[in-house]
Amino acid sequence: MKTLDFKPKMFSAIRNYNKQTFMADFMAGIIVGIVALPLAIAFGIASGVSPEKGIITAIVAGLMISVFGGSKVQIGGPTGAFIVIVYGIIQQYGIQGLTIATLMAGVFLILLGVLRLGTIIKYIPYPIVVGFTSGIAVTIFTTQIKDLLGMTIEGGVPSDFIEKWGTYLYNIGNIDLWSTLVGIVSVVIIAVTPRFSKKVPGSLVAIIVMTVAALLLKQYAGITSIETIGDRFSINSTLPGAVVPELTWETVKGLVGPAVTIAVLGAIESLLSATVADGVIGDHHNSNTELIGQGIANIASPLFGGIPATGAIARTMTNINNGGRTPIAGIVHAVVLLLIFLFLMPLAQYIPMACLAGVLVVVSYGMSGWRSFMAMLRNPKSDITVLLLTFFLTIIFDLTVAIEFGLICACLLFMRRMAETTDVHAVLDEIDLNEDADMERGNLEHLTIPEGVEVYEINGPYFFGAGNRFEDIMARYGRRPKVRIIRMRKVPFIDSTGLHNLENMCLMSQKEGITVVLSGVNPKVEGVLKRNHFERIVGEQNICNHIDLALSRANELVGA
């Protein structure tokens, strides 16, 4: 039995830790903490919870991911990918339902890591990842239009994507010009800041500038139409204690779907982020440990009032670019956010909602990956179909449906492509021994196939799909030989479906008066045949080690 694959990078990274590494981690952690602040607030509000819950998530989950994760430089916290699913869960099940779903997702993530499924998660087809990532980006952008333009909408904004845009168009005359100006200028500031400073985040600059501007406009110009966080939320800067929600079987059963969606999305995003980070720092993360760390984080976060969290690519790259090389940087980032939360959180009430919307518009643009999306449209039709279906399912329905479809689609694509790896073909007239490795050929170069004998070669695993292909190629030749030799020297394994198809083919051949001889069966496949008493069907003497024995046996049968 394999041991638990849980080896947090934190413990190996501090073995040879020194002052120089600490200073680099310390500075990187401070910068990442500052970068994470506006994003945590924006993601919290966009998800349908209060701004402090976003920061609490970044503090608690960020700390857990750094301490227990499988990547040296991963920075965790709330991300844009969760906005859509979290908002939907709150609308349907409330905050209590979100807490339970996040706890369940944490358990699922730990199970994925314990069962060593970390490497498998990374093999979800790229079109599916691009499809729902782009779909999430479009959905986030759509949810921010009201605040970006300062719209007044009676009855609130509908949750349906198409209805939402219909409501926006209907209320186009209710735009507040000052809020629109704040939102647009925020986007411009975020876009141009990297040209002047790589270390100071544009989102933080935009929030500071626009908050000061909104206060000045209100104080000296009497403009009060610019809505701020304080107009919509009451700010609480007290760190809450841990609270375990009340669990009932009915609630748990109803939240399995959303919890699986959170877990799968968190696993994909965190492992993708860790993989990207590996390429930059020249390291290798432990996928299973990373999933267990993510699971611990998503159990701890909701207990303190937080929301789902995962590895954040943008913050992780900021950490790397500013010198962070061990999980200590992630811990410092969490401490910086904690200090800001305790001492500066009341100032967040003056931040304009239009400015936060501008931050999320830029985030959605970065998430959209439109270049990758457009490049995918030049791929085979099957990939394009999967891409577009996942994309439209995400924006028109919801992320749960898209994730479920994506997982089913991933399995079907895997099955199809694995089936395509198996080649079945007929060998006509003679066998070229120069290409064979399952017999000692002596001075011979060719073996002639006798009259009344057919030889078929299977190259690849014999499982689903291979049996049907075998039947098709036999039907194509339409002959009725006396002996049918099946060369299996290149069959590494056979599954129950392949075995069933092989049995059916042998039985059908016997009804037609055809004897089946197996050639070149390797020990692993032969073991499966013996365990299923396959020799009772074809006869033990008709299972041969190599082709010359099979042809010799075929000559006996033809002569008889």
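The values are calculated or read from the model by the stated rules, or taken from the named source; none is laboratory data. Keep in mind that what you see is a predicted model, and the values were worked out from it rather than measured. As a convention, Cβ positions derive from the backbone with ideal geometry for all residues, glycine included, and neighbour counts pool all protein chains shown. SASA here: full protein model, heavy atoms, side chains in, ligands and nucleic acids out. Shrake-Rupley method; radii C 1.70, N 1.55, O 1.52, S 1.80 Å.
With +1 on each Lys and Arg Cβ and -1 on each Asp and Glu Cβ, how big is the dipole of the chain about its Cα centre, in debye rounded to the nearest 20?
Roughly 1360 debye for the chain.
In straight Cα distance, which lysines are under 27 Å from residue 530, not counting same-chain residues fewer than 8 positions off?
In chain and number order, the partners are 482, 490, 511.
I need the peptides 167-176, 244-253, 199-208 ranked by packing, meaning the mean over residues of other C-beta atoms within 10 angstrom, with the highest value on top.
The most tightly packed comes first, giving 199-208, 167-176, 244-253.
Roll a 1.4 Å probe over the protein heavy atoms and report the accessible area of residue 317 in Å², nearest 10.
50
Putting +1 on Lys and Arg Cβ atoms and -1 on Asp and Glu Cβ atoms, find which of 172, 228, 244 reaches farthest to the positive end of the dipole of the range 124-258.
228
Could you tell me the calculated FRET efficiency between residue 30 and residue 280, based on Cβ-Cβ distance and R0 = 25 angstrom, to the nearest 0.05?
0.80
Might you report the magnitude of the Cβ-based charge dipole of the range 104-173 about its Cα centre, with Lys and Arg at +1 and Asp and Glu at -1, to the nearest 20 debye?
Roughly 400 debye for the range 104-173.
With a ≥ b ≥ c taken as the square roots of the eigenvalues of the C-alpha gyration tensor of the range 324-405, please select rounded if a/c is under 1.5 and otherwise prolate if a/b is larger than b/c or oblate if it is not?
The shape class here is prolate.
If R₀ is 45 angstrom, what is the calculated FRET efficiency for the pair residue 248 and residue 199, using the beta carbon separation as r and rounding to 0.05?
0.40
What's the extension gain from residue 473 to residue 426 if we count 0.36 nm per residue and subtract their Cα-Cα distance?
Length gained between residue 473 and residue 426: 16.2 nm.
Please compute the contact order of the range 179-277 in relative form: average sequence separation of alpha-carbon pairs under 8 Å and at least six residues apart, divided by the residue count, as a percent.
Once normalised by length, the contact order is 16 percent.
Per 0.36 nm of contour for each residue apart, how much would the distance between residue 160 and residue 177 grow if the chain were fully extended, relative to their Cα-Cα spacing?
3.5 nm
Given the DSSP H assignment, sum -39500 (n - 2.57) over each helix run of at least 4 residues in the chain and divide by its residue total; what's the result at 222 nm in deg cm²/dmol, nearest 500?
-20500 deg cm²/dmol
Rounded, prolate or oblate, given the Cα gyration tensor of the range 237-379, with a/c below 1.5 counting as rounded?
Here the range 237-379 falls in the rounded category.
If you add up the charges near residue 530, with Lys and Arg at +1 and Asp and Glu at -1, over every other residue whose beta carbon is less than 12 angstrom from its beta carbon, what do you get?
Taking every other residue near residue 530 into account, the sum is 0.
Tell me, what is the FRET efficiency for residue 225 and residue 191 to the nearest 0.05, using R0 = 25 angstrom and their Cβ-Cβ distance as r?
0.50
Compute the relative contact order of the range 1-156 as a whole-number percentage, counting only Cα pairs closer than 8 Å that sit 6 or more residues apart in sequence.
23
Which residue, chosen from 405, 314, 93, occupies the Cα position most advanced towards the positive end of the dipole of the chain, where the dipole is computed from +1 (Lys, Arg) and -1 (Asp, Glu) charges on Cβ about the Cα centre?
With unit charges placed on the Cβ atoms, the residue in question is 314.
Can you give me the span-like helices of the chain, meaning DSSP H runs with 24 Å or more of Cα extent along the axis and Kyte-Doolittle mean at or above -1.0?
Correct list, ordered by number: 19-46, 51-68, 83-114, 126-143, 177-196, 202-220, 256-281, 287-303, 399-420.
For the chain, what relative contact order do you get, as a whole percent, if you take Cα pairs closer than 8 Å and at least 6 residues apart?
It rounds to 23 percent for the chain.
At 1.4 Å probe size, with every protein chain present, just tell me what the per residue accessible area of the chain comes to in Å².
Per residue, the chain has an accessible area of 47 Å².
Carbon and sulfur atoms: what percent of the 1.4 Å accessible area of the chain do they account for?
61
How far apart, in nm, are the 7 Å Cα→Cβ label points at residue 524 and residue 14?
If labels sit at residue 524 and residue 14, their model points lie 4.3 nm apart.
Computed from these coordinates, which is semi-axes √(5λ) of the Cα gyration tensor in Å: (1) 60, 26, 21; (2) 47, 35, 19; (3) 56, 30, 22?
From the options (1) 60, 26, 21; (2) 47, 35, 19; (3) 56, 30, 22, the structure gives (1).
Out of all DSSP beta bridges in the chain, what portion is antiparallel? Express it as a percent rounded to 5.
45
Could you sort 505-512, 216-223, 452-459 so that the peptide with the highest average Cβ count within 10 Å comes first and the rest follow in order?
Ranked from most to least packed, the peptides come out as 452-459, 505-512, 216-223.
Among 273-285, 152-164, how do they line up by average Cβ neighbours within 10 Å per residue, starting with the highest?
273-285, 152-164
So for the pair residue 407, residue 378, with labels modelled 7 Å out along Cα→Cβ, what separation do we get in nm?
3.4
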